[in-house]
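Please read the structure below before turning to the comments.
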Amino acid sequence: MRSLIVILALIMLVVQSSTALAQGMAVERKDIVVNPDDFKDVASDLRCPTCTGLSVLDSEAAFSIQIKNEVKEQLAAGKNKEAILTFFTERYGPWILREPPKQGIHLWAWILPIATLILGPLLIWFFVWMKRDSGVTGSDDNEAPARAVEDIVREMNDRLAALRATEGGHS
């Protein structure tokens, strides 16, 4: 039984160390010389597949380092930004881009927020203006019309006077 535990512990140690080695194997290539501005331009437009909210440029994850190396290789091969982004989009899909494409169905991701910001306040103003101008006080047609404040105060004073007269007669 004791030897089984030792063997299992050794297997776990080997698996964990091989996983750590595999993750540490991605090393950014320094031997490929490219224009740093072109590299930053492309790498900042690609999303890190393993990080949340980071670009490939900002990430040090192993997968991001592999993507950085691929970007450098393609820039060194003379490809432009659009060709490189197309390569990664075909390989990983549009989610690899930090900004959705401004074409096709993805165009709605750009139009809807802007339209909401512009049309939302205008629609609210329009409906408030329409309600105010139509003189509607409630949505129920059977609702009694609003009474003037003076009428309500007069009625309350009359009730109070009647109540005092009733109390005064009992004392």
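The values are calculated or read from the model by the stated rules, or taken from the named source; none is laboratory data. Just so we're clear, the structure is a prediction, and the values are computed from it rather than from any experiment. Positions of Cβ are generated from backbone atoms using ideal geometry, with glycine treated the same way; all protein chains shown enter the neighbour counts. Surface areas here come from the heavy atoms of the whole protein model, side chains and all, with no ligands, DNA or RNA. Shrake-Rupley method; radii C 1.70, N 1.55, O 1.52, S 1.80 Å.
Details
- Hits in region 25-51 (condition: aliphatic (A, V, I, L, M) and either at pLDDT 90 or above or open to solvent by 90 Å² or more (accessible area, probe 1.4 Å) (or both)): M25, V27, V33, V42, A43, L46
- For the criterion of being among the basic types (K, R), open to solvent by 30 Å² or more (accessible area, probe 1.4 Å) and out of contact with any helix residue (DSSP H, G or I) (no Cβ under 6 Å at 6 or more places or on another chain), K79 passes.
- Candidates I65, I111 - the one that is part of a helix (DSSP H, G or I), of a type in the set (A, V, I, L, M, F, W, C), open to solvent by less than 100 Å² (accessible area, probe 1.4 Å) and at pLDDT 90 or above: I65
- Considering L54, L21, the condition of being open to solvent by 60 Å² or more (accessible area, probe 1.4 Å) and modelled with pLDDT under 80 is satisfied by L21 alone.
- V136 meets the stated requirement of being modelled with pLDDT under 90 and open to solvent by less than 90 Å² (accessible area, probe 1.4 Å).
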